[in-house]
């Protein structure tokens, strides 16, 4: 037994064939949370058990394609549910792939998804509620059975001809047992006596309503007695006009375990160089778990209505992995392996068509349903925009679909490059942008002052992904993209003439002193043409790295130093005029060097890169003490 993979420890061995295992502490905590704290809809245990049975049947159907020696080869694939209103018992049985001993340890004795317990704990601590219909999203669906039962028995036998029958039992509190049985047939049977609070689930009418609500589109017959309950419709095979909106929503919920209706869908029937049918959905919201895009099932791949892969990553590029749905093609053999699928020309063609069709739908939303598109972008934009640097064939289409906040629009309003260009002044030659963590902080950035004063629009890049994506877009419709943190931004016309401007010589002398004092700290010191109210600011040199990108590099590498920056000085500011007069009178005045250092470090403080705040404060106290004598 591999303890790292099972998370369960052997506590005692009562007989040669019966073993008792103890749940690890985190598993006990998870079960307690599920039963007592988080879930308020115990009916979902029925859906979860059916979903697990369906997965097992799919695996059996796939194995039957290549293995005629599989146990019970000719047995029809189905799920049977029985309940006794008098005894309050519940049983669900499938003839799917079944489980071996290691499966019982790993699937019924551990937390299926890493981070699940931590996520649920945080949700509970913050007072959040998990709707019962969401349980399947966390990889703990089987354990929902303990909301309805105190003790659960699982009898199973794997499809391999040399397998043995096994029985798993647990009260969901501290331990579980595994023992050998004489089960003769393939598949899994789960049975238990319902708690008094769950007696309603021994009523057949109640069970039928739950199956119709949650599991109507399971791809195998669900029987209660001899009655077939679910519809078993392959919706993607039907003409569009024969599929209702209600059926689409219910199919999506069944497919994804989502509790919300999808934001939109796309149904395709393609014939030509490649033949396939597809039913794809865009979720209403992004997953709550950060790693969900990698863990969740994106697209199911079918061949002639037989599922051959439940998470076929080759069907879509990474930046479209938020899509959910089904693709069914007869251009792949039923027994296709993952390796063959990856290298198949048919798969490449299907992926190309799907990508193009999805982008077309997003373009339609952008033009005719802007609210829907904005919802999509706010949820999935961070993933979607990664296509800029990976899908060169569709790069232009993706760039047109990008959205950003703007200095001239209300907070939360998103604009496109096309919107920006349409509002540009005739003399403006560049598209300006500024990156930062929060819009409120960016709004008081000194480098933005000139643009605000002159009502020139600046795109505000608040998504960390933007600092990777936008610099790789050199221009849009002939307009160069330029960060306003760069030293060479074309704002030279901002400088105005003033009658009380100090002499040119005094200004030049002061700037020279700035350069001497900060020689080992900055790349250069120049007169600013962008500052209005601020005294100084730090900007990136022509070859320097974006400010936000530099911060990210420092987070990844504590020894990363970054490039030296250019200090811009607002020579029209009263403080600089005063310093120019001081310099003219006595360039050796020690206070001048003190003031210059303080101004430089104030610029570091504004951009979040001041590493010596204590020295900065002490110098400020000294300056204030001197000023208040």
For region 497-627, state what percent of all Cα-Cα pairs lands in each successive 5 Å bin, counting from 0 Å until the bin that includes the largest distance.
2, 10, 18, 22, 20, 14, 8, 4, 1, 0
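To make sure I understand, if each residue's beta carbon is the centre and we count other beta carbons within 10 Å, what order do 432, 259, 420 fall in, fewest to most? Mind dumping the intermediate values first?
Numbers: 432 25, 259 17, 420 22.
Fewest-to-most ranking of 432, 259, 420: 259, 420, 432.
Based on the Kirkwood radius over alpha-carbon pairs, what is the Stokes-Einstein translational diffusion coefficient of region 250-289 at 37 °C with 0.692 mPa s viscosity, in µm²/s?
Values: Rh = 11.6 Å.
Taking Rh from Cα pairs, D becomes 284 µm²/s.
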Rounded to the nearest 10, the angle in degrees between the Cα long axis of helix 613-627 and the longest principal axis of the Cα atoms of the chain comes to 30 degrees
Gap in Å between the Cα centre of region 342-367 and the Cα centre of region 43-93?
35 Å
Using Cα-only point scatterers and the Debye equation, what is log10 of I(q)/I(0) for region 402-484 at each q in 0.20, 0.23 Å⁻¹, rounded to two decimals?
-0.89, -1.22
Taking 1 over the mean of 1/r across every pair of different Cα atoms in the chain, what Kirkwood radius in Å do you get?
29.3 Å
Most exposed first by the Cβ proxy, i.e. fewest other Cβ within 10 Å, how do 444, 590, 145, 517 rank?
590, 444, 517, 145
On the principal axes of its Cα set, how long, how wide and how thick is region 375-449? Give whole Å, largest value first.
38, 30, 20
Stokes-Einstein, Kirkwood over Cα pairs, region 235-375, 4 °C, 1.567 mPa s; D in µm²/s equals 83 µm²/s
Per DSSP H run of n ≥ 4, the term is -39500 (n - 2.57); total these for the chain, divide by its residue number, and report the mean residue ellipticity at 222 nm rounded to 500 deg cm²/dmol.
-10500 deg cm²/dmol
Helix 547-556 versus the longest principal axis of the chain: what angle, 0 to 90°, nearest 10, using Cα atoms?
50 degrees
Angle check, please: helix 345-368 long axis (alpha carbons) against the longest principal axis of the chain (alpha carbons), in degrees 0 to 90, nearest 10.
60 degrees
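Based on the Cα coordinates of region 39-82, what is the per residue volume of their convex hull in Å³? Could you put the intermediate results ahead of the total?
Details: hull volume 3.2 nm³, N = 44.
Roughly 72 Å³ of hull volume per residue.
Give me 439, 186 ranked fewest to most by other Cβ atoms within 10 Å of their Cβ, as a rough exposure proxy. It would help to have the intermediate numbers written out before the result.
On the way: 439 14, 186 24.
So the residues, fewest neighbours to most, are 439, 186.
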How many angstrom lie between the C-alpha centres of region 428-478 and region 157-190?
61 Å
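Rule-based calculations on the coordinates, nothing more; no lab input. Note that the structure is predicted; figures quoted are calculated from it, not measured. Note that we place each Cβ from the backbone using ideal geometry, even for glycine, and neighbour counts take in every protein chain shown.
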